[in-house]
Amino acid sequence: MRLPNLELKDYVVQVSKSGFQDPPQQKIRIRKGEQARLVFNLQPNPQPDLQPQPRLASLTIQGGAPETTVLVDQTLVGTIQPDGALSVSTVSPGDHTIELRKERFKSRQFKERFVMGSAISLTAAEAALEAVPGELKITFAPADATVAIAKLGCCQPS
């Protein structure tokens, strides 16, 4: 299998196939101008009736703001759906930074330790984002003109 256009960095690769033993993970460094290669030798599972153990962790969000983008370690993993939910089951175990981003809201970050086979769940309160205050800039002429500003449906200008 070839994976073109990978970011230049270190990767940990895990391979699994139903009916085979999972070989050990392998580390690889992708460098500019070089082709990297890994070889995995899959051995038949001597006990095919055993269920494979999960190798990844997951992240679930309930009650989040729809259309919020979710990043794990600066990599986009999904967008919160209209029902406020998101489920990502492909997080590698270890310490990660989760970030929630939405236009016109302050970003929010969490540092979490993901454990193989388990889930980190964020509640509505944890996934809540604070709105960024708006700004109004008015330029008018002449400089000594009188300006009145009123919130719509609030009150009468004075």
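The values are calculated or read from the model by the stated rules, or taken from the named source; none is laboratory data. Predicted, not measured: the structure shown is a model, and the values here were computed from it. All Cβ positions, even for glycine, are placed from backbone atoms using ideal geometry, and neighbour counts span all protein chains on display. With ligands, DNA and RNA removed, areas are computed over all heavy atoms of the protein, side chains included. Shrake-Rupley method; radii C 1.70, N 1.55, O 1.52, S 1.80 Å.
Close amide-amide hydrogen proximity is noted between residue 120 and 58, 59, 60, each under 5 Å apart and 5 or more residues distant or on a separate chain (H modeled in the peptide plane; Pro and chain starts excluded). Counting only helical runs of four or more DSSP H residues, what would the 222 nm mean residue ellipticity of the chain come to if each run contributes -39,500 (n - 2.57) and the total is spread over all its residues? Helices in the chain give a 222 nm mean residue ellipticity of -500 deg cm²/dmol. In the context of the full set of protein chains, residues of the chain present 79 Å² of accessible surface per residue (probe radius 1.4 Å, heavy atoms only). For region 62-130, the percent of C-alpha pairs falling in each 5 Å distance bin, counted from 0 to the bin holding the largest distance, reads 4, 18, 30, 29, 14, 5, 1. Among the listed options (1) 1, 8, 15, 18, 17, 15, 12, 8, 4, 2, 1, 0; (2) 2, 7, 12, 13, 11, 11, 11, 9, 6, 4, 3, 3, 3, 2, 2, 1, 0, 0; (3) 2, 9, 16, 22, 21, 16, 8, 4, 2, 1, 0, 0, 0, the one matching P(r) over Cα pairs in 5 Å bins from 0, in percent as calculated from these coordinates is (2). Of the solvent-accessible surface of region 51-158, computed with a 1.4 Å probe over protein heavy atoms with every protein chain present, carbon and sulfur atoms account for 53 percent.
Relative contact order, whole percent, for the chain stands at 18, derived from Cα pairs under 8 Å and 6 or more residues apart.
Of the residues 152, 18, 69, the one whose Cα sits farthest towards the positive end of the charge dipole of the chain is 18 (charges of +1 on Lys and Arg Cβ, -1 on Asp and Glu Cβ, taken about the Cα centre). The distance between label points at residue 123 and residue 28 comes to 4.3 nm (points 7 Å beyond Cα on the Cα→Cβ vector). By DSSP, the beta bridges lying fully in the chain are antiparallel in about 85 percent of cases.
Net charge dipole, region 1-143: roughly 540 debye, given to the nearest 20, about the Cα centre with Cβ charges of +1 for Lys and Arg and -1 for Asp and Glu. Label 7 Å along Cα→Cβ of residue 7; region 69-109 residues with amide nitrogen under 11 Å? Only 72-77 fall inside the zone, counting backbone N under 11 Å. Based on alpha-carbon atoms, the Kirkwood radius and the radius of gyration of region 5-97 give Rg/Rh equal to 1.06.
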